[in-house]
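The values are calculated or read from the model by the stated rules, or taken from the named source; none is laboratory data. Keep in mind the model is a prediction, meaning the values are calculated, not measured. Positions of Cβ are backbone-derived with ideal geometry, glycine not excepted, and every protein chain shown enters the neighbour counts. Each accessible area value is taken on the protein alone, full model and side chains, heavy atoms only, with ligands, DNA and RNA left out. Shrake-Rupley method; radii C 1.70, N 1.55, O 1.52, S 1.80 Å.
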Amino acid sequence: MRLTFAHPWILLLLVLVPMLVAWYFWKYKKQHPAMRFSDLSPFKEAGKTIRQQMVPMLYILRLLAVTTLIIALARPQSKLSRKEMKVEGIDIVLAMDVSGSMLAEDFRPNRLEAAKKVAAEFINGRKDDRMGLVVFSGEAFTQVPLTIDHNVLLGQLAKLKSGILKDGTAMGDGLATAINRIKDSKAKSKVIILLTDGVNNQGSVDPLSAAEIAALYDIRLYTIGIGTRGMAPYPFRDQFGRVIYQNVPVEIDETLLTSMAASTKDGQYFRSTNKKSLKAIFDQIDQMEKTKIDVTRYSQTKDEHLPFLLFGLICFALELLLKLLYFKI
């Protein structure tokens with residue numbers, strides 16, 4: 001439940017309250033000017049009566065009345081709402097290459113960091129899908145199983161770095177690990193996005209065989225080859241520990257990646273040669289894999305102005321009665 005106002009602009013009238021307080025003190029000083037006496041001893045026994053001490057209460061009642069009546073005029077309302085969503089869910093596993101070659105700097109700052117940033121944007125745009133993360137190089141493991149907690153997923157994605165696994169490129173093992181994480185899903189659609197910059201040269205699972213297994217489980221495979229065409233600058237350390245750059249050939253087995261994607265229903269292969277094209281690829285996948293959401297909203301609004309109105313009228317009535325019956329001023 002939350003409190004809102006039907007006419008919130010009326011609350012601007014509350015600025016009158018501090019103005020009324022200032023006016024009261026100004027009027028009080030005008031009606032009770034200061035007098036100077038050389039000797040105050042005759043007044044030591046004198047004091048204010050209870051009636052005199054309670055005079056400011058009249059003005060306090062008036063301020064309370066003005067404040068609460070302004071709030072009542074703004075029509076405070078409590079809102080109870082309920083939203084039911086039925087999602088034809090899509091489960092997505094990102095299988096990311098973290099081999100040493102992903103440190104090549106044909107993408108800024110390098111391929112791995114560029115891929116992580118674009119993948120994070122993709123994750124943020126799919127609030128209703130379960131997603132998981134598999135990493136591979138010479139071997140593969142599950143970094144994050146399928147989860148709807150995208151904060152955990154984004155946190156683990158941010159920590160990814162090259163060198164956490166044996167070097168190499170085991171596409172088949174990476175894909176097989178991703179399949180194991182998603183094959184038993186009950187989601188309407190199951191998707192694996194495999195991103196790599198190399199040629200399969202490690203692992204115990206043949207990439208094409210893994211792709212065929214994905215097809216058996218009705219998993220759609222998108223493969224992405226990341227890297228410029230030709231040569232790419234790669235950082236090395238010399239014998240003095242200094243970082244030097246050498247151009248190394250970019251080798252991506254596009255034929256294999258195309259065949260892997262084609263083995264699954266509606267699978268596709270994409271080639272990214274810069275960060276902009278990589279983002280465009282993820283945007284394209286995002287559009288192709290839109291979830292269908294049926295939303296039913298229940299909303300109930302209840303006026304809450306009556307308690308404020310009654311309190312304000314009571315304060316006004318008390319002020320009037322005290323003036324007429326007690327203070328007679």
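Hey, can you rank 313-320, 136-143, 262-269 by average C-beta count inside 10 Å, highest first?
Going by the mean number of other Cβ atoms within 10 Å, highest first, we get 136-143, 262-269, 313-320.
Quick one: which residues, 5 or more positions from Gln77 or on another chain, have an amide H under 5 Å from its amide H? H modelled 1.01 Å from N in the peptide plane, none for Pro or chain starts.
Distant-sequence amide H within range of Gln77: Thr4, Phe5, Ala6, Glu304.
Heavy atoms only, probe 1.4 angstrom, no DNA, RNA or ligands counted: give me Arg181, Arg220, Arg126, Arg62 ranked by accessible area, highest first.
So, going from the largest accessible area down, we get Arg181, Arg62, Arg220, Arg126.
Pull up all non-local amide H partners of Phe270: gap of 5 or more, or a different chain, and H-to-H distance under 5 Å with H placed in the peptide plane.
Thr223, Ile224, Gly225
Where in region 162-189 does the label zone of Asn201 land, with the point 7 angstrom along Cα→C-beta and an amide N cut-off under 11 Å?
Within reach of a label on Asn201, which here means backbone N under 11 Å from a point 7 Å along Cα→Cβ, region 162-189 contributes 167-170.
Show Val250, Val93 ordered by accessible area, largest first, where the area counts protein heavy atoms only and the probe is 1.4 Å. Could the numbers behind the result be given before it?
Values: Val250 25, Val93 0 Å².
Order by accessible area, largest first: Val250, Val93.
Can you give me the % of accessible surface on region 189-329 that is carbon or sulfur? Probe 1.4 Å, all protein chains present, nothing else counted.
Of all accessible area on region 189-329, carbon and sulfur atoms account for 56 percent.
Please compute the length gained on full extension between Asp184 and Met231, using 0.36 nm multiplied by the number of residues separating them and subtracting their Cα-Cα distance.
Between Asp184 and Met231, full extension yields 12.8 nm more.
In region 175-288, how many lysine pairs have Cα atoms under 23 Å apart, counting only pairs 8 or more places apart or on different chains?
Details: Lys183/Lys265; Lys186/Lys265; Lys188/Lys265; Lys190/Lys265; Lys190/Lys279.
Within region 175-288, the lysine pair count is 5.
Let's test the formula: R0 of 22 Å, r as the Cβ-Cβ distance of Ala317 and Ile10. What FRET efficiency results, to the nearest 0.05?
Efficiency, from the Cβ-Cβ distance: 0.45.
Can you work out the PRE-style zone for Lys79? Point 7 Å along Cα to Cβ, and I want the residues of region 306-320 with backbone N under 20 Å.
Taking a point 7 Å out along Cα→Cβ of Lys79, the residues of region 306-320 whose backbone N falls under 20 Å are 306.
Quick query: amide H of Val248 versus all other amide H atoms, modeled in the peptide plane; which residues come in under 5 Å with a sequence gap of 5 or more or a different chain?
Hits under the 5 Å cutoff: Ala232, Tyr234.
On the accessible surface of region 149-188, probed at 1.4 Å, how many percent belong to carbon and sulfur atoms?
Numbers: 910 of 2040 Å².
Carbon plus sulfur share of accessible area: 45 percent.
Once you have the Cα-Cα distance between Asn124 and Asn274, take 0.36 nm times their residue separation minus that, and quote the gain in nm to one decimal.
That pair, Asn124 and Asn274, stretches by 51.9 nm at full extension.
Check each of the chymotrypsin sites (Phe, Trp or Tyr not before Pro) in region 194-254 and keep only those in coil by DSSP with at most 16 other C-beta atoms within 10 angstrom; list them in order.
On the way: sites: Tyr217, Tyr222, Phe236, Phe240, Tyr245; in loops: Tyr217, Phe240.
Passing sites in region 194-254 are Tyr217, Phe240.
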